Structures are given as structure tokens and as C-alpha cells.
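Comments concern the structure below.
The values are calculated or read from the model by the stated rules, or taken from the named source; none is laboratory data. Here the structure is a predicted model, which is why all the values come from computation and not from measurement. Backbone-built Cβ (ideal geometry, glycine too); neighbour counts: all protein chains shown. Surface areas here come from the heavy atoms of the whole protein model, side chains and all, with no ligands, DNA or RNA. Shrake-Rupley method; radii C 1.70, N 1.55, O 1.52, S 1.80 Å.
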Amino acid sequence: MASFAPPLSVSITEAQLAWLDQRRLHGTLSRSAVLRQVIDAAIAAEQAGLAVPGPVLVAAAERR
């Protein structure tokens with residue numbers, strides 16, 4: 001079983017929340033579980049060279 005870090009508080013937009021809730025498999029997954037899956041996928045993509053490392057993603061998001 002995975003070892004979890006202490007909880008942390010984040011603020012997301014209404015659009016991000018709607019996107020997140022659409023991926024909860026009809027409520028069978030918690031929002032936290034979906035966020036962990038998304039983070040794991042981002043880590044895997046970055047390590048495989050399919051994504052740009054973190055700070056560049058932040059800069060790109062800020063330009064929107």
C-alpha cells in the first residue's frame with residue numbers, strides 16, 4: 001500500500017473542479033484519488049520525455 005503525505009489544501013477553479021469530477025468514474029473514485037492519478041500520469045510523461053518539466057508548464061498556464 002502506498003504511503004501518503006499529510007493532507008494539503010489547494011484552491012482550484014470551477015472549470016478545474018468540473019473537469020476533475022468528470023473523471024471520478026461515476027463517483028467511485030475520490031477527488032484525491034483522481035488527482036493522484038493525474039499527478040502520476042504527469043510524472044510518467046515528464047520522465048518519458050513526453051512533457052515539459054514543471055516550471056515551464058506553470059509559465060505556460062500563466063500566459064492563458
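Brief remarks follow.
- Computed with a 1.4 Å probe on the full set of protein chains, the accessible area for LEU8 sits at about 140 Å².
- Theoretical FRET efficiency, 1/(1+(r/R0)^6), r = Cβ-Cβ of HIS26 and PHE4, R0 30 Å, to 0.05: 0.80
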